[in-house]
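The values are calculated or read from the model by the stated rules, or taken from the named source; none is laboratory data. Predicted, not measured: the structure shown is a model, and the values here were computed from it. Note that we place each Cβ from the backbone using ideal geometry, even for glycine, and neighbour counts take in every protein chain shown.
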Amino acid sequence: MNSTSVNYQDWEPVVFTKKPKEIIKKENTPRPAGNKELTRLIEDDIPKLNKMTREYSLAITNGRAAMGFSQKDLALRLSVKDNVIKEYENCQVANFNMGFLKKILRTLKVDPKTVITKSC
């Protein structure tokens, strides 16, 4: 063995010189007075046009009975789960969609214009 030491590492040490970004602190600026009341007012002024009503659910139930379909049969024809039809018939729809209601009524051969009036 040689008395001279051999350094087998042929790379230079890597030194990171870029400093991390400083954390920017948010200033606690108060909201203008009346902002909360204004937001509440705006939300209350928006009319809820598409609501599931009892007339809609009765139209679905009666139309389904007239066609002789079960909830499961109607769901298969519409390619949805049967609990969706159950929710529409019980007026417990979380995400009511007027277009889907019209599709249900057309499938049951019920004219949507007779059920859905503009006064609702």
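Under 6 Å between Cβ atoms, at least 6 apart or on separate chains: pull out the pairs that start in the stretch 84-95 with a residue that is within 9 Å of GLN71 (Cβ to Cβ) and end on any residue that is of a type in the set (D, E, K, R).
Pairs that qualify, where the first residue is within 9 Å of GLN71 (Cβ to Cβ) and the partner is of a type in the set (D, E, K, R): there are none.
The conditions are (1) surrounded by 13 or more Cβ atoms within 10 Å (Cβ to Cβ); (2) over 18 Å from ASP111 (Cβ atoms); (3) at pLDDT 90 or above; (4) within 22 Å of the chain's Cα centre (by Cα), and SER79 fails exactly one of them. Which is it?
(1)
Could you list, in sequence order, all residues of the stretch 48-64 that are in a loop (DSSP other than H, G, I, E, B) and within 17 Å of VAL110 (Cβ to Cβ)?
MET52, THR53
Taking the stretch 98-111 only, how many residues are in a loop (DSSP other than H, G, I, E, B) and of a type in the set (A, V, I, L, M, F, W, C)?
Number satisfying all stated conditions: 2.
Would you check which residues across the stretch 65-97 are closer than 19 Å to MET52 by Cβ, part of a helix (DSSP H, G or I) and touching a helix residue (DSSP H, G or I) at 6+ places or on another chain (Cβ under 9 Å) and list them?
GLN71, LEU74, ALA75, LEU78, ASP82, ASN83, VAL84, ILE85, LYS86, TYR88, GLU89
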